[in-house]
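The values are calculated or read from the model by the stated rules, or taken from the named source; none is laboratory data. Just so we're clear, the structure is a prediction, and the values are computed from it rather than from any experiment. For neighbour counting, all protein chains shown are included, and Cβ atoms are generated from backbone atoms with ideal geometry for every residue, glycine included.
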């Protein structure tokens with residue numbers, strides 16, 4: 001009977017390997033360069049206006065072929081970007097530029113905004129700081145704004161946009177009444193709010209490190225502090241280009257953005273500036289904590305070296321006396337004395353006591 005061989009699951013390809021799969025391909029080639037985080041692509045469509053709303057879920061792109069919208073505006077959200085065929089079909093239906101489709105499937109694109117004339121394309125990030133692992137998890141979110149439609153693409157469902165869905169379902173706020181650009185603003189506002197949540201969690205973690213930094217029982221405090229600094233830098237790398245993107249949108253210039261929406265975008269821009277200021281303050285705090293930690297370690301080493309120096313100095317006279325009386329001479333003072341050994345020990349002890357007194361008065365032992 002032949003023996004059955006088993007093979008372990010291959011390791012996921014590295015980012016460099018995923019990016020190399022596009023080597024030599026023309027611009028606009030649809031190649032997914034991220035990790036596959038869902039088994040199948042899921043599509044959720046909100047068809048709405050001020051008169052009503054219809055919510056439809058599609059398990060695959062083929063199931064949406066026969067759908068006919070009842071209302072004027074559309075929000076299509078896609079979870080799972082591993083299937084280029086889905087992206088190609090969506091691009092065909094909504095007339096998306098090939099370069100835009102390529103950036104959507106490239107899940108490590110930089111945060112940016114691009115104007116394609118009849119569509120606006122925004123790349124953002126959903127941030128989630130995990131205190132247990134002391135790391136920030138990021139997912140790319142791509143938003144496409146067109147005339148009476150908004151498309152959003154995510155690697156996996158995280159619940160970050162559930163509040164927008166509930167506002168549409170319950171007809172709260174002005175989402176149904178306003179044009180599609182107001183929905184795009186609401187999505188950007190959620191991304192910025194999620195950054196605040198991650199920043200608050202990271203700040204709380206940093207404050208906990210500040211309490212532990214002088215605790216000698218915390219052996220891994222330097223590693224944790226460097227990890228927090230790295231996550232703060234990663235957060236800043238997301239917020240900085242997001243602020244610039246919102247600023248370019250807020251300045252106007254696109255026919256898809258209504259004047260009223262530009263006022264709301266100004267508020268989102270103010271939030272992004274506040275985020276950057278808070279991140280810079282947190283970086284300064286972490287730098288100060290690192291200086292305090294290094295100073296405490298240096299002081300501890302100095303104290304230990306000083307104590308070792310005192311102990312060595314105390315034994316130096318005794319070593320000198322023992323060395324002198326250990327010389328191989330036939331005639332030496334006190335060598336023939338009956339109590340010479342005890343006199344030498346007494347001399348060693350007396351010198352040590354005198355030196356300890358001097359060290360104490362000089363505050364070397366405090």
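For segment 235-263, a residue qualifies if it is farther than 19 Å from residue 123 by Cα and part of a helix (DSSP H, G or I), and the qualifying residues are 259, 260, 263.
One residue is enough: does segment 196-204 have a residue meeting the conditions assigned to a loop (DSSP other than H, G, I, E, B), out of contact with any strand residue (DSSP E or B) (no Cβ under 9 Å at 6 or more places or on another chain) and in contact (Cβ under 8 Å) with a residue 40 or more places away in the chain? Scanning segment 196-204 turns up no residue that is assigned to a loop (DSSP other than H, G, I, E, B), out of contact with any strand residue (DSSP E or B) (no Cβ under 9 Å at 6 or more places or on another chain) and in contact (Cβ under 8 Å) with a residue 40 or more places away in the chain.
The residue that is modelled with the lowest pLDDT, among those in segment 115-174 that are surrounded by fewer than 16 Cβ atoms within 10 Å (Cβ to Cβ) and on the phi > 0 side of the Ramachandran plot, is 173. State whether the residues of segment 84-100 include one that is under 27 Å from the mean Cα position of the chain (by Cα) and closer than 19 Å to residue 190 by Cα. Within segment 84-100, not a single residue is under 27 Å from the mean Cα position of the chain (by Cα) and closer than 19 Å to residue 190 by Cα.
Just to be sure before I move on: is residue 81 assigned by TED's automatic domain parsing to the domain that holds residue 181 and assigned to a strand (DSSP E or B) in the structure I sent? So residue 81 fails the test. Of all residues in segment 126-153, those that are under 18 Å from the mean Cα position of the chain (by Cα) and either free of Cβ contacts under 8 Å to residues at least 24 places away in the same chain or under 29 Å from residue 82 (Cβ atoms) (or both) total 15. No other residue among 290, 365 is surrounded by 11 or more Cβ atoms within 10 Å (Cβ to Cβ), part of a helix (DSSP H, G or I) and either assigned by TED's automatic domain parsing to the domain that holds residue 224 or at pLDDT below 80 (or both) apart from 290.
Within segment 35-76, the residues that satisfy the criterion of being modelled with pLDDT of 90 or more, closer than 23 Å to residue 104 by Cα and surrounded by fewer than 15 Cβ atoms within 10 Å (Cβ to Cβ) are 56, 57.
None of 191, 214 is touching a helix residue (DSSP H, G or I) at 6+ places or on another chain (Cβ under 8 Å) and within 30 Å of residue 148 (Cβ to Cβ) except 191.
Restricting segment 247-267 to residues that are under 30 Å from residue 282 (Cβ atoms) and in contact with a strand residue (DSSP E or B) (Cβ under 8 Å, 6 or more places away or on another chain) leaves a set whose member that is surrounded by the fewest Cβ atoms within 10 Å (Cβ to Cβ) is 248. Checked against (1) under 30 Å from residue 230 (Cβ atoms); (2) modelled with pLDDT of 80 or more, residue 302 meets all criteria but (2).
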